[in-house]
């Protein structure tokens, strides 16, 4: 560190150390959850590298000549810092009070953490240091888990693109293939293009690599534009190579190519190929701008701000209050042991679903598809087929996630909506046929009625389905229309005299239109008949509705 920078920081050294300690105390739940995601979720394993790159950039900036410039703290840093700390507390309260699955609360809290860090830098160092540290702070965005709804939409489109392109290219090498959504059928076997094969992770990591190259290489804006445009091209092309090779090998009888060590190694090879291509494009673009062409702050440049002792004290006070609130939330929800009231400890398993249910008889029960199990990893799941005396069949899908610790990877699992899953399997939604009704016989919020059609040549299928999710659906955190209800649910959770964690679950009832069910209205009538019969029994399986069993004395 330069002598002048050390001389500038000397009066604030105690403040910086104290602020760092208080930040760790306030943000500890987010840091632990992020570390779990980085270590156990393959789609976020690059997070550790992103953090290391940010730290290296911070060290490089502090040792650069521009670090000699003096600066003064600014009161303008306190508002964003306060907002960020408020988001952290709100996200942690949301997680403790409603126990949602998914990464929504981690995303919200981590965004608050970055905002609080940026505000603290401005409060202690002014606008100059905020500009200098813009890259190490902003680059951390690539380590954050994206909102599930945004990620699902992007992943779905990438999977469909991969299936279309692969199906179009395989006939060029003599491989006959039939595409069914994101599933490719060949003479040698079938390959399903799941989320992990969409190329989304490669795209995100390559974008992070490009941003790092641009920062350390100090490229001009023209070279910057060319390099950024090359990122999606490289990611899509290399992922297409992976899909092409995998399906071609499966078509020739090498079924191990679609899973296991070989498949993982193939993915790593094509990613390194894309990374090498990105580096090669950066070299071909020519020499980056020299340091003399990069604007440098003069040593005399200062920022309008305040150097009074009251400002550092205010920073420490905000952090102390945030840490205290976080501790208060933790203690409030830990007064009574969770396991005494937790749905899932004394619940029935789905293997105990009734065989006879209000005129419906269970004909068959089976497990979810292996791809669904690998992606969702529910605690309990089943698909049960019920038939009534008129020969009408209802396919009932149940999935359940037992509440987990916030620092457990299982706590981030959540059910999917049919709007995401069905199109990836070749179904087309008939939006004009969607309907709404008062399906209060089954617990959950905002049931969705959907009609999907799939054309398989001469075999055309039309399915009508009604789907529910538990009250803690993580996607609802990012739906403005639901923020009022989320806040009311948080208040109710705080007022409970006994703490009961709400489990996550998903329920989908599906009826195919055919000989015994002539149209969608008849299908909805069958679903309603079945739902009224089985709905009252589902609380025994841990499927409870909003607000059920929250108060003192309620049974799990």
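The values are calculated or read from the model by the stated rules, or taken from the named source; none is laboratory data. This structure is a prediction, so every number in the text was calculated from the model and none was measured. Neighbour counts run over all protein chains shown; Cβ positions are idealised from the backbone, glycine included.
Of the helices (runs of 4 or more DSSP H) contained entirely in the stretch 80-184, those carrying at least 1 residues that are within 28 Å of residue 244 (Cα to Cα) fall at 148-169.
With respect to residue 32, determine if the residue is under 21 Å from residue 480 (Cα atoms), in the same structural domain as residue 138 (by TED's automatic domain parsing) and in a helix (DSSP H, G or I). Lay out the reasoning, then the answer.
Working: under 21 Å from residue 480 (Cα atoms): no; in the same structural domain as residue 138 (by TED's automatic domain parsing): yes; in a helix (DSSP H, G or I): yes.
Here the answer is no, as residue 32 does not meet what is asked.
Among the residues of the stretch 515-554, those identified as part of a loop (DSSP other than H, G, I, E, B) and either touching a helix residue (DSSP H, G or I) at 6+ places or on another chain (Cβ under 6 Å) or modelled with pLDDT of 85 or more (or both) are 515, 516, 517, 518, 519. Being surrounded by 17 or more Cβ atoms within 10 Å (Cβ to Cβ), at pLDDT below 90 and within 20 Å of residue 479 (Cα to Cα) holds for only one residue in 126, 101, and it is 101. Please indicate, with yes or no, whether at least one residue in the stretch 432-442 is surrounded by 14 or more Cβ atoms within 10 Å (Cβ to Cβ), at pLDDT 75 or above and out of contact with any strand residue (DSSP E or B) (no Cβ under 8 Å at 6 or more places or on another chain). No: the stretch 432-442 contains no residue that is surrounded by 14 or more Cβ atoms within 10 Å (Cβ to Cβ), at pLDDT 75 or above and out of contact with any strand residue (DSSP E or B) (no Cβ under 8 Å at 6 or more places or on another chain). Restricting the stretch 385-416 to residues that are touching a strand residue (DSSP E or B) at 6+ places or on another chain (Cβ under 8 Å) and either without any contact (Cβ under 8 Å) to a residue 60 or more places away in the chain or in the same structural domain as residue 27 (by TED's automatic domain parsing) (or both) leaves a set whose member that is farthest from residue 538 (Cα to Cα) is 410. Looking only at the stretch 133-152, decide whether some residue is on the phi < 0 side of the Ramachandran plot and out of contact with any helix residue (DSSP H, G or I) (no Cβ under 9 Å at 6 or more places or on another chain). There is no residue in the stretch 133-152 that is on the phi < 0 side of the Ramachandran plot and out of contact with any helix residue (DSSP H, G or I) (no Cβ under 9 Å at 6 or more places or on another chain). When residue 219 is tested against the conditions (1) under 30 Å from residue 136 (Cβ atoms); (2) in a helix (DSSP H, G or I), the lone failure is (2).
Yes or no: residue 197 crowded, with 19+ Cβ neighbours inside 10 Å and outside the structural domain of residue 50 (by TED's automatic domain parsing)? Yes.
From the list 111, 175, which residue is assigned by TED's automatic domain parsing to the domain that holds residue 237 and at pLDDT 85 or above? Steps first, please.
Numbers: 111 fails: assigned by TED's automatic domain parsing to the domain that holds residue 237.
Criteria check complete, one pass: 175.
From the list 52, 37, which one is in a helix (DSSP H, G or I) and exposed (fewer than 14 other Cβ atoms within 10 Å of the Cβ)? First the steps, then the outcome.
On the way: 37 fails: exposed (fewer than 14 other Cβ atoms within 10 Å of the Cβ).
Only one candidate qualifies: 52.
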